[in-house]
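Read the structure below first, then the notes.
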Amino acid sequence: MSADRTRVLIVDDHPMVAEGIQSILESYDDINVVGTLGSGQAAVDQAVNLAPDVILMDLNMPGLGGLSATEIILERLPATCILILSMHDSPEYISTALSHGAKGYVLKDVPTDEIKQAIDAVMRGEQYLCTGASGSLKPKGDSAREALTGREQTILLELAQGKSNKEVAQALEISVRTVETHRKNIKRKLGISSTAGLTRYALEHGVLQGTGVGF
């Protein structure tokens, strides 16, 4: 990571939001905003070249959502810290984001200086949850159920949108056989036998957030 100025990439499909955050961050001498992008796919496509230390990632974007983009980017740039920016404070949203590798979760209505605090915290290797997010995050029940991995949650998200195994494989750049294996494991862990059941589970547990589907 940069030894002096923290390289920050902003990913949000609302230009006014992205520009507002950029303006705030550029007022700090130790921050270098390396770009603002309007979609998860653009972030995936350009992250390697932009080499950010921290990515501020919106959840709800058309096409590739913030969760899927987060997982793909972290596979390519594991040292990058991703902070989720969202208007949603439900525990399901927050825990799902963290399970996908995000280092923190910041609500969009926080005071402007808190975004800087969040960046500083994850650069120190800490996890950061803003006050509203940490207050809503409580331990889940149903602890006896085997938890899905971050990759399995991403596969579930894609399948719940009605995509075929082949379409999921293409979207995540993995083999169809790998998707099939994950699909079997997901059904086994959740005790679900049908695609409709997977979709219902995804809706009830907040997995579809960040995709623009149903929200």
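The values are calculated or read from the model by the stated rules, or taken from the named source; none is laboratory data. Every value quoted in this text rests on a predicted model; they were computed, and no experiment measured them. Methodologically, a virtual Cβ is constructed for each residue, glycine included, from the backbone with ideal geometry; neighbour enumeration extends over all protein chains shown. The protein model used for the area step is the full one, side chains on, heavy atoms only, and it has no ligands, DNA or RNA in it. Shrake-Rupley method; radii C 1.70, N 1.55, O 1.52, S 1.80 Å.
Can you tell me which residue is nearest to Arg76 (Cα to Cα) among those in the stretch 117-169 that are modelled with pLDDT of 90 or more and open to solvent by 60 Å² or more (accessible area, probe 1.4 Å)?
Gly125
Name the residue that is surrounded by the most Cβ atoms within 10 Å (Cβ to Cβ), counting only residues in the stretch 64-80 that are in contact (Cβ under 8 Å) with a residue 60 or more places away in the chain and small (Gly, Ala, Ser).
Among them, the one singled out is Gly66.
Tell me, please, whether a residue that is out of contact with any His (no Cβ under 8 Å at 6 or more places or on another chain), aliphatic (A, V, I, L, M), under 21 Å from Arg124 (Cα atoms) and in a loop (DSSP other than H, G, I, E, B) can be found in the stretch 14-36.
no
Which pairs turn up if I take residues in the stretch 33-58 that are more than 20 Å from Ser23 (Cβ to Cβ) and of a type in the set (Ser, Thr, Tyr) and look for partners that are buried (at least 19 other Cβ atoms within 10 Å of the Cβ) and modelled with pLDDT under 95 with beta carbon separation below 7 Å, at least 6 apart in sequence or on another chain?
Note: pairs meeting the criteria are Ser39/Met61; Ser39/Leu64.
Residues checked against (1) at pLDDT 95 or above; (2) crowded, with 20+ Cβ neighbours inside 10 Å; (3) under 14 Å from the mean Cα position of the chain (by Cα):
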site: Ala3; (1), (2), (3): no, no, no
site: Pro15; (1), (2), (3): no, no, no
site: Thr36; (1), (2), (3): yes, no, no
site: Ile55; (1), (2), (3): yes, yes, yes
site: Leu59; (1), (2), (3): no, yes, yes
site: Pro62; (1), (2), (3): no, no, yes
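For the stretch 81-105, what are the residues that are in a strand (DSSP E or B) and either of a type in the set (S, T, N, Q) or without any contact (Cβ under 8 Å) to a residue 40 or more places away in the chain (or both)?
Ile82, Ile84, Ser86, Gly104, Tyr105
Residue by residue through the stretch 182-191, note down the ones that are at pLDDT 85 or above and open to solvent by 70 Å² or more (accessible area, probe 1.4 Å).
The one that is at pLDDT 85 or above and open to solvent by 70 Å² or more (accessible area, probe 1.4 Å): Lys184.
Taking interchain pairs and intrachain pairs at least six residues apart, which have beta carbon atoms under 6 angstrom, with the first residue in the stretch 10-24 and small (Gly, Ala, Ser) and the second surrounded by 15 or more Cβ atoms within 10 Å (Cβ to Cβ)?
Hits for this filter: Ala18/Ile10; Ala18/Asp12; Ala18/Thr36.
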